[in-house]
Amino acid sequence: MNIVDLPIPESVKEVLIKSGITKLYPPQEEAIKAGVLDGRNLVLASPTASGKTLIAELCALKHVLERDGKVLYLAPLRALASEKYEEFKKYSVITKRDGGKVSVGISTGDYDSSDPWLEKYDIILTTNEKADSLLRHRAKWMDEISLVVADEVHLLNDVERGPTLEVVLARLMQISPDIQVLALSATIGNVEEIGAWLKADYVTTEWRPVVLKEGVLLHDEIQFKNGEARKIEQETKNMAINLALNTVKTGGQALIFAPTRKSAVTIARKAAAKIGEALSKSMKRALEREAEKILASGEKTRISELLAELVKCGVAFHHAGLGGGHRRIIEDSFRQGKIKVLTATPTLAFGVNLPARTVIIQDYRRYEPGYGYYPISVLEYKQMSGRAGRPRYDKIGEAILIARTDDEADYLMENYVLAKPERIWSKLAVERVLRTHVLATIAADYAHTEYGIYDFFGRTFYAYQYGVSPMKNIIARILKYLYDEEMIYVSGENIYATRFGKRVSELYIDPISAVIIRNSVRQKPAVLTELSLLHMIAHTPDMRPLMRPSTSELDKVALFMEEHRDEFMVEVPSEWDDQIMHEEFLGEVKTAMVLKAWIEEVSEDEIIEQFRVQPGDLYRIVENAKWLLYATHELAALFSNKEVPPLTRELMERVDKGVKRELLPIVRLEGVGRIRGRILYNAGYRTLEDIKNAQVEELAKLPSIGPKLAKKIKEQVGGFVRKETWEKLEKEKEWQQKALTEY
Ligand SMILES: Nc1ncnc2c1ncn2[C@@H]1O[C@H](COP(=O)(O)OP(=O)(O)OP(=O)(O)O)[C@@H](O)[C@H]1O
Ligand SMILES: [Mg+2]
């Protein structure tokens, strides 16, 4: 089917053809035949890279251009929402019936807002969590949504993210019974069930843009699913590296999935020398520049230095411990074909579009802290193997599992290569998960009676799979808890949220966290310090996953805890009464210590050294802490606490920036973070007034500042830079750069 023949507006066809898309892929044709452009609900289950997004795009534009509709696109991760936002932006050149242009908006942060500004957008991208929080704020514009797209809907199976997604979909269908639902999914075992729940037809395909050959590598030979075999030269002891080397030497790229961060780094290190030898001179020069980019982005740490070294050899690792900036550089550079071998933990397997000719699965097991090793699911295997084959670059993609023994080779062939993906199951009926959704249902006026609550939960995927009865007991327990903690009250047959309950629901925190915060702000500790608050938020279940001090750290953490005993807002459990609680408590203390180090301006590298906490983890803790401090701030105000709000206000900013108090005024300037702020401060520019009085030349001379930023800083404090001064500075810089490249 050609794009020109489709029943879509001409303006959309133009945009598509301009971006190089002229014909539909077969799964796209099937989706259209199933009536998705006529407003029918649809679950499209199709392999990785088979073009599911395009169907969402066509459907969205149909709504916006022909029905004056509004579209909500749900993505499971922030990074994915931004990726889709960029893809949708290409349509903003199109004019609508009312004369305006198609507008695309994105909102993924700040859970305590109804974002009224989103109203003016036609297509809105959010994460599932953000959509859930918007529904709790009863954002008015959400009633106008005529199409919801649920991307990666197989995540319904995920313990953490699944329940939010099903609650959001159930609510949207409750508010707007006529809403069109388009769910996009990887191939799974029970598409028809999801379809039936969403009152949708379904299309399943196995079609892929690049042929996929799956197989198992044992010693020096790959056995493929189709019976073929191929020998691989054994240049090193590591089979994954041998295979990657083979791919690179024949002009391809390889993606190696490793079970842990540590193994991803180890394999990358081992691969670097060999891969480096196989690169051309010009490629090496290009890689030098990528390495420089890594060193120039964010703080220099042992991780970024190692990463830069490896990148020079065309190798990199990718895992959740890396900072966002570094991750993006690696992803782009891999997409551009510069990095040849990328090792990654399975987090990379879903969503991020990073195809490679050869996907190597180093270990079929996966490691989860606290659980140990377990075999990955077929669904996960399919998502990893699906990354094989770059459209337009590779004729064939290969996905290879590594086996160590004959038995293991047979096991892998049977249980992964030849296996069908599992069915997916709702994970909603867990008290921890339901608690927050039950409160939200009452607090945001979705139901006011016990019957109404069951009615709502009766619309979820869980109820579709198991019926509502198994949830009833849990819901009853939750209602009692919310009542006892004064988040809801009863009047006759009706249930309403108290002010506390309403605020907790809006703040998007676990009711248990809210109780911890409330109790803490009600009774203050002997000594109230910033540590009191940092520990208290680390004690809430929203600061998950829990940090576990290593054996070698235990003494240090325990000592710190003793020294600060009178500052804690929660009782310190006795080591003798409850050992598990005591250990958890030490984990919370460690989290607080990390946050304290961060706001004391300890460098990222020292944080890695002292606490074994990597930049990606630090980022996650910081984000959680900001949100929980905000919640504490709001709840303290609600309970008329006078001492906490001034502390939380300052702490939120310090945690955000990672600075001591004295740096706050200057890090508020754009372009000035903790490092540059400290440089300015130590050079004597301690206040905005100091900077205002400074000469721009002086600022420009400071390390890591330079003329451009110096000018930007001056302009922000209302300073004025004379044209001649500026031109002189620019000239000097040019001259310096010339000198650098010439010598
Ligand atoms: N009809 C088409 N012709 C050419 N290229 C296409 C076509 N449809 C989609 N593509 C391209 O295919 C690539 C993969 O598409 P998309 O991201 O939609 O995959 P997906 O099915 O959502 O996979 P995933 O499971 O990874 O999310 C994109 O780069 C897209 O531009
Ligand atoms: Mg997709």
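The values are calculated or read from the model by the stated rules, or taken from the named source; none is laboratory data. Predicted model only: the values in this text are computed from it and were never measured. So basically every Cβ, Gly included, is an ideal-geometry build from the backbone, and we count neighbours across all protein chains shown.
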Of those in segment 332-365 that are surrounded by fewer than 22 Cβ atoms within 10 Å (Cβ to Cβ) and among the small types (Gly, Ala, Ser), the residue farthest from ligand 1 (Cβ to nearest atom) is GLY337
Within segment 38-78, residues small (Gly, Ala, Ser), surrounded by 21 or more Cβ atoms within 10 Å (Cβ to Cβ) and away from ligand 1 (no atom under 12 Å from the Cβ) come out as ALA60, GLY69
Among ILE32, ILE17, ILE94, the single one that is more than 25 Å from LEU169 (Cβ to Cβ), more than 9 Å from ligand 1 (Cβ to nearest atom) and in contact with a Pro (Cβ under 9 Å, 6 or more places away or on another chain) is ILE94
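Within segment 188-232, take every residue that is of a type in the set (D, E, K, R) and in contact with a Lys or Arg (Cβ under 9 Å, 6 or more places away or on another chain) and give me the one that is nearest to TYR466 (Cα to Cα).
If we filter segment 188-232 for residues that are of a type in the set (D, E, K, R), which is where we start, we get 192-193, 199, 201, 206, 208, 213-214, 220-221, 225, 228, 230-231.
The next check asks that each one be in contact with a Lys or Arg (Cβ under 9 Å, 6 or more places away or on another chain); those that pass are 193, 201, 213-214, 220-221, 225, 228.
Values: GLU193: 12, ASP201: 21, LYS213: 38, GLU214: 35, ASP220: 48, GLU221: 46, LYS225: 37, GLU228: 44 Å.
So, considering only residues that are of a type in the set (D, E, K, R) and in contact with a Lys or Arg (Cβ under 9 Å, 6 or more places away or on another chain), the one nearest to TYR466 (Cα to Cα) is GLU193.
Taking segment 192-209, which residues are of a type in the set (Asp, Glu), surrounded by 16 or more Cβ atoms within 10 Å (Cβ to Cβ) and in contact with a strand residue (DSSP E or B) (Cβ under 8 Å, 6 or more places away or on another chain)?
In the first step, residues of segment 192-209 are kept if they are of a type in the set (Asp, Glu); the result is 192-193, 201, 206.
Add one more test, that the residue is surrounded by 16 or more Cβ atoms within 10 Å (Cβ to Cβ), and what stays is 193, 201.
Residue satisfying the conditions is ASP201 alone.
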Within segment 635-649, residues free of Cβ contacts under 8 Å to residues at least 12 places away in the same chain and either assigned to a loop (DSSP other than H, G, I, E, B) or buried (at least 18 other Cβ atoms within 10 Å of the Cβ) (or both) come out as SER640, LYS642
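What number of residues within segment 248-280 satisfy the criterion of being under 14 Å from ARG357 (Cα atoms), of a type in the set (A, V, I, L, M, F, W, C) and outside any helix (DSSP H, G or I)?
Keep residues of segment 248-280 that are under 14 Å from ARG357 (Cα atoms), which gives 248-257.
Within this subset, residues satisfying the condition of being of a type in the set (A, V, I, L, M, F, W, C) are 248, 254-257.
Okay, now just the ones that are also outside any helix (DSSP H, G or I), so 254-257.
Qualifying residue count for the region: 4.
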* Asked: Of the residues that make up segment 128-141, is at least one buried (at least 22 other Cβ atoms within 10 Å of the Cβ) and within 29 Å of GLU206 (Cα to Cα)?
  -> yes
Residue hits (segment 79-117; hydrophobic (A, V, I, L, M, F, W, C) and at pLDDT 95 or above) are PHE88, VAL93, ILE94, VAL102, VAL104, ILE106
ALA403 vs (1) without any contact (Cβ under 8 Å) to a residue 40 or more places away in the chain; (2) in contact with a strand residue (DSSP E or B) (Cβ under 6 Å, 6 or more places away or on another chain): all pass except (1)
Just one listed residue, out of ALA186, ALA150, is within 16 Å of ligand 2 (Cβ to nearest atom) and touching a His at 6+ places or on another chain (Cβ under 7 Å), and it is ALA186
Residue pairs within 9 Å by beta carbon, gap of at least six or interchain, first lying in segment 40-59 and within 12 Å of PRO26 (Cα to Cα), second within 8 Å of ligand 1 (Cβ to nearest atom) and acidic (Asp, Glu), listed first then second, are LYS52/ASP151
Expected output for segment 1-18 (first residue under 17 Å from VAL64 (Cα atoms) and among the basic types (Lys, Arg), partner within 15 Å of ligand 1 (Cβ to nearest atom) and part of a loop (DSSP other than H, G, I, E, B), Cβ below 9 Å, 6+ apart or cross-chain) is LYS13/LEU6
Scanning segment 1-50 for residues that are within 16 Å of ligand 2 (Cβ to nearest atom), in a loop (DSSP other than H, G, I, E, B) and not aliphatic (A, V, I, L, M), the one nearest to the chain's Cα centre (by Cα) turns out to be THR48
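Test of understanding: among LEU217, LEU184, LEU165, LEU172, which residue is farther than 21 Å from ARG40 by Cα and either at pLDDT 95 or above or surrounded by 20 or more Cβ atoms within 10 Å (Cβ to Cβ) (or both)?
Numbers: LEU184 fails: farther than 21 Å from ARG40 by Cα; LEU165 fails: farther than 21 Å from ARG40 by Cα; LEU172 fails: farther than 21 Å from ARG40 by Cα.
Of LEU217, LEU184, LEU165, LEU172, the one residue that is farther than 21 Å from ARG40 by Cα and either at pLDDT 95 or above or surrounded by 20 or more Cβ atoms within 10 Å (Cβ to Cβ) (or both) is LEU217.
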The condition from (1) touching a strand residue (DSSP E or B) at 6+ places or on another chain (Cβ under 8 Å); (2) away from ligand 2 (no atom under 16 Å from the Cβ) that LEU74 misses is numbered (2)
Just one listed residue, out of ASP542, ASP617, is under 30 Å from the mean Cα position of the chain (by Cα), assigned to a loop (DSSP other than H, G, I, E, B) and crowded, with 17+ Cβ neighbours inside 10 Å, and it is ASP542
The one condition MET652 fails out of (1) at negative phi; (2) free of Cβ contacts under 8 Å to residues at least 40 places away in the same chain; (3) outside any helix (DSSP H, G or I); (4) of a type outside the set (Asp, Glu) is (3)
query: Is it the case that segment 79-99 has a residue that's touching a residue at least 12 places away in the same chain (Cβ under 8 Å), buried (at least 23 other Cβ atoms within 10 Å of the Cβ) and touching a helix residue (DSSP H, G or I) at 6+ places or on another chain (Cβ under 6 Å)?
result: no
THR498 vs (1) more than 23 Å from SER113 (Cβ to Cβ); (2) without any contact (Cβ under 8 Å) to a residue 24 or more places away in the chain: all pass except (1)
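Let's see how each residue does on (1) buried (at least 22 other Cβ atoms within 10 Å of the Cβ); (2) over 29 Å from GLU623 (Cα atoms):
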residue	(1), (2)
ASP455	no, yes
ARG459	no, yes
LEU479	no, yes
ASN494	no, yes
GLY501	yes, no
VAL504	yes, no
ILE517	yes, no
VAL527	no, no
Subset of segment 448-471, residues touching a residue at least 12 places away in the same chain (Cβ under 8 Å) and either among the β-branched types (Val, Ile, Thr) or closer than 18 Å to VAL490 by Cα (or both), comes to HIS448, THR449, GLU450, ILE453, TYR454, THR460, VAL468
Notebook entry, point to check: Does segment 230-247 contain at least one residue that is touching a strand residue (DSSP E or B) at 6+ places or on another chain (Cβ under 7 Å), part of a strand (DSSP E or B) and farther than 27 Å from TYR367 by Cα?
Noted result: yes
When every residue in segment 179-227 that is free of Cβ contacts under 8 Å to residues at least 12 places away in the same chain and more than 26 Å from TRP425 (Cβ to Cβ) is compared, the one farthest from ligand 1 (Cβ to nearest atom) is GLU221
